[in-house]
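Here's the structure we're looking at; comments come further down.
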Amino acid sequence: TCADVGAHVGVLTQMLALKVGPDGLVIAFEAHPENARQLRENVRANGWDKRVRIENLAVTDGSCDRVWLFAGRESRPSEWNIVGHDVDGARTHPEMEVPARSLDDYFPPGSELNLVKMDVEGAEAQVLAGMRRLLREARPVAIIEFHDEVGWAGRKELYAAGYDLYEMSGMRLDPLRDVERVYHCLALPRDLG
């Protein structure tokens, strides 16, 4: 079982669907309604309907059940976010309100979750705070894009849950020395070996 948090139109969703096999499941979370519509069309057109569940909602820390979506740079459809600024840090205006949910709420205790891919345009700390239980119980591998320093601060949730962080080159990050933001990270539970 994989969660694609910030699925956009499903390029990685479909790659995950291929990898999970016929008995696997990919849950693709996409907050923007138009992106979710296109994601549904892409999944259906490529025959992944049985392996992919699409959820048109924002993934957050669970503190509220609705959040505002903000446009990204030049209103690019791939950069809608819940943090109120684009990836360059420029403030943007709220465009629409959407349903929101934490991963801890979405996946009940005892749920299987093997992998989380996260591309949430700066909301990484919120998403990680909303999956504290899953990080400790399900222990999924996580692939994360850290878009800014606020999101990067969310790595403390991973360290507190007994994870190690790695650059995509395979170099393990030292939690005390490697404090500069790494854009793409792999987070592995320490008990994986």
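Quick notes on this one:
- Dipole magnitude (debye, nearest 20) for the stretch 118-193, charges at Cβ of Lys, Arg, Asp, Glu: 420
- Sum of -39500 (n - 2.57) over DSSP H runs of 4+, divided by residues of the chain (222 nm, nearest 500): -6500 deg cm²/dmol
- Solvent exposure of the chain, expressed per residue, is 49 Å² of accessible area, with all protein chains present and a 1.4 angstrom probe.
- Each listed q (0.12, 0.16, 0.23 Å⁻¹) maps to a log10 I(q)/I(0) for the stretch 89-193 from the Debye sum over equal C-alpha point scatterers, namely -0.41, -0.70, -1.31.
- Note on the stretch 1-114: antiparallel DSSP beta bridges, both residues inside, total approximately 40 percent of the bridges counted.
- Only beta bridges with both residues in the chain are counted; by DSSP, about 50 percent of them are antiparallel.
- Surface composition of the stretch 27-109: carbon and sulfur atoms hold 45% of the protein heavy-atom accessible area at a 1.4 Å probe.
- Within the chain: Cβ-based charge dipole about Cα centre, in debye rounded to nearest 20 (Lys, Arg +1; Asp, Glu -1): 500
- Projecting the Cα atoms of Gly6, Gly24, Gly72 onto the charge dipole of the chain (Cβ charges, centred on the Cα centre) puts Gly24 farthest toward the positive pole.
- The chain - percent relative contact order, Cα under 8 Å, separation 6 or more: 17
The values are calculated or read from the model by the stated rules, or taken from the named source; none is laboratory data. From a predicted model like this one, the values you see are computed outputs, not experimental measurements. So basically every Cβ, Gly included, is an ideal-geometry build from the backbone, and we count neighbours across all protein chains shown. For accessibility, only protein heavy atoms count, side chains too; no ligands or nucleic acids. Shrake-Rupley method; radii C 1.70, N 1.55, O 1.52, S 1.80 Å.
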